[in-house]
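> The structure under discussion is supplied below as structure tokens; questions concerning it will follow.
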Amino acid sequence: MGCGSSSVASRKPSISEPSSAVTDFIVLARQVKQTWPDVKKIDSLGAKTFAYLLHKYPQYKSFYHVPEAYKSEADLLNAEEVKQAGEQFIDWYSDIIEHSDTQFNEKLREKAIELNNQGVRINQVKYYGDSLVHVISYELQNDLTIEEKRAWQSFCNQVSNGLTMELTKFPRKSIV
């Protein structure tokens, strides 16, 4: 009952073994990737995501050049500015999803550069994923399992957290 040098607990993982967090994320990414074709079928997915985002957080309307006159989610859904922003969002989110199990960090860096160049602030990033999850959960409420919905929530949180970390590496732009 001494040190037990032959104990399995003292075995250190080799360099080639991924950590459990990495393995868990790969499983999560694959689960999201498997459901992505069904999610992409949601009619006007991008527009619905951005209509929800701008309805819930109207302070971001001016960033997307959306007139204040659009008050309801229905008004926003039909606005050309919202449709364009939504399509762009789904395009770049799709790119992250498609490469999530192989190039996740690289894609996040790439997207953070794009967002930084567009002037997107760190505090906006979390709301993108939250809005997407809201639309997915509402539109596919009976088509996704609870585990799949949780996978989407976790994945979007990972994307938001990763983008936030990447965006903190850039110098803060002046608001003037």
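> Within the group GLN158, GLN153, which residue is over 22 Å from ALA51 (Cα atoms), assigned to a helix (DSSP H, G or I) and within 11 Å of the chain's Cα centre (by Cα)?
Matching residue, one of GLN158, GLN153: GLN158.
> Only one of (1) open to solvent by 40 Å² or more (accessible area, probe 1.4 Å); (2) on the phi > 0 side of the Ramachandran plot is not met by ARG109, so which one is it?
(2)
> Continuing with the same structure: Can you tell me how many residues within region 67-103 are touching a residue at least 40 places away in the same chain (Cβ under 8 Å), within 11 Å of THR49 (Cβ to Cβ) and open to solvent by less than 70 Å² (accessible area, probe 1.4 Å)?
The qualifying residues number 4.
> Within region 11-31, can you find the residues that are among the polar types (S, T, N, Q) and at pLDDT 85 or above?
Answer for region 11-31, where residues must be among the polar types (S, T, N, Q) and at pLDDT 85 or above: just GLN31.
> Here is a list of conditions, (1) open to solvent by 90 Å² or more (accessible area, probe 1.4 Å); (2) within 17 Å of the chain's Cα centre (by Cα); (3) more than 17 Å from GLN118 (Cβ to Cβ), and ALA51 meets all of them except one; can you say which number that is?
Every listed condition holds for ALA51 apart from (1).
> Another one. Test TYR64 against the stated conditions and say whether it is crowded, with 20+ Cβ neighbours inside 10 Å and free of Cβ contacts under 8 Å to residues at least 40 places away in the same chain.
Judged against the criteria, TYR64 is not a match.
> Looking at (1) over 20 Å from TRP152 (Cβ atoms); (2) in a helix (DSSP H, G or I), find the lone condition where LYS126 falls short.
Every condition holds for LYS126 apart from (1).
> Has region 70-90 got at least one residue that is closer than 19 Å to ASN161 by Cα and assigned to a helix (DSSP H, G or I)?
yes
The values are calculated or read from the model by the stated rules, or taken from the named source; none is laboratory data. Since this is a predicted model, take the numbers as computed values, not measurements. All Cβ positions, glycine included, derive from the backbone under ideal geometry; neighbour counts span all protein chains shown. Surface areas here come from the heavy atoms of the whole protein model, side chains and all, with no ligands, DNA or RNA. Shrake-Rupley method; radii C 1.70, N 1.55, O 1.52, S 1.80 Å.
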